[in-house]
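The values are calculated or read from the model by the stated rules, or taken from the named source; none is laboratory data. Being a predicted model, the structure only gives us computed values, none of them experimental. Note that we place each Cβ from the backbone using ideal geometry, even for glycine, and neighbour counts take in every protein chain shown.
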Amino acid sequence: MKRRTVLQWGWGMGAAVAAGWVGSRTVRDPSPELQWTSRTLTAMGTSMTLQAAHNDATHLARALDAAVAEIRHMEEQMSLFRPDSAICRLNRTGRLDDPHPDMLEILRVAQQVAQRSDGAFDITVQPLWLAFDEARQNGRLPSAEAVMAARRQVGWRGLRISQSVVKFDRPGMAITLNGIAQGYAADKVKARLQSLGIAHALIDSGEFAALGQPPHAGDWTLGVANPRDAQQLLTGLAMQGRCVATSADDQCTFSADFVNHHIFDPQTGRSPPELSGVSVVAPTCVMADALTKVFFMAGYDRAMPLARKWGVDVLVVDKRGRWQASPGVALQKT
């Protein structure tokens with residue numbers, strides 16, 4: 001299971017998660033009008049936590065039920081961990097007829113980011129993942145020939161999308177939405193909670209979205225952990241009404257030196273060599289999630305001008321532990 005460790009909410013309301021389990025607990029807000037409830041679940045290969053407040057405990061429970069149902073729906077469409085999901089059917093057969101509107105939406109966002117980033121973000125890198133994962137199961141890295149063969153199956157322009165069908169233009173292609181689906185899910189859950197009258201919430205789908213105020217004074221604040229030591233915080237980060245996504249080379253690695261990991265450069269078939277962690281602060285979680293990979297490809301020196309180009313903020317950490325953040329990141333002392 002992939003578990004995000006680079007971003008941590010430092011206020012202690014999260015709960016431990018067992019595989020497949022959904023739990024909840026209620027915390028009294030200092031304000032007598034609000035009650036906070038926390039739900040935890042396993043979905044899309046990671047643990048998720050939903051925290052929300054309302055003055056009606058019954059209404060709050062129903063709203064969180066609806067939020068969990070939203071996530072389960074996302075799994076049915078986008079999870080590589082469910083063999084019967086829409087994405088798994090597409091990868092097996094090369095074709096998905098009558099795609100759900102949510103699938104169409106996320107694929108179109110992915111293709112737009114791919115086009116604008118000149119292919120730095122590319123959901124068709126799944127053949128590279130499969131090549132590295134197969135080699136890992138045999139205690140090694142893939143050969144150069146195996147990487148090259150997988151690389152020939154990668155290319156975002158080979159994914160065809162229409163209202164009636166999604167398909168690949170050549171055999172052997174496959175997609176992964178692991179680099180964007182958790183952000184998309186956070187956006188959908190946030191919208192669902194808002195539609196049900198929830199004004200205060202924190203959604204941790206692996207990426208973070210928030211509503212209103214936390215159960216303490218001040219802003220929702222995240223701790224940015226050192227990718228080499230999850231117990232050491234590099235800095236705090238105030239959300240300021242925006243969404244935050246992170247990617248790091250320690251989240252899933254194929255070699256002990258972190259040179260080979262789950263983020264692939266579509267141009268080389270290898271992992272980008274310079275950065276160990278990226279956190280993006282953006283208006284939407286789906287965009288923040290996708291852009292973490294774009295910044296990984298860009299590297300340390302190009303990160304700040306690239307953030308201005310995309311109209312987002314970013315914090316990057318290199319392999320040596322150096323880090324820098326764009327001016328719009330609201331840093332907090334830890």
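Some observations on this one:
- Being touching a Leu at 6+ places or on another chain (Cβ under 8 Å), exposed (fewer than 15 other Cβ atoms within 10 Å of the Cβ) and modelled with pLDDT under 95 is a property that residue 21 has.
- In the stretch 64-95, residue nearest to residue 160 (Cα to Cα) [restricted to those that are small (Gly, Ala, Ser) and within 23 Å of the chain's Cα centre (by Cα)]: 86
- Flag set for residue 289, criterion: over 20 Å from residue 130 (Cα atoms), among the charged types (D, E, K, R) and not in a loop (DSSP other than H, G, I, E, B).
- Under the condition of being exposed (fewer than 14 other Cβ atoms within 10 Å of the Cβ) and either of a type in the set (S, T, N, Q) or more than 30 Å from residue 36 (Cα to Cα) (or both), the residues counted in the stretch 64-84 number 2.
- All strands (runs of 3 or more DSSP E) inside the stretch 182-265 with 1 or more residues being charged (D, E, K, R) and either touching a Ser or Thr at 6+ places or on another chain (Cβ under 9 Å) or crowded, with 17+ Cβ neighbours inside 10 Å (or both): 200-204
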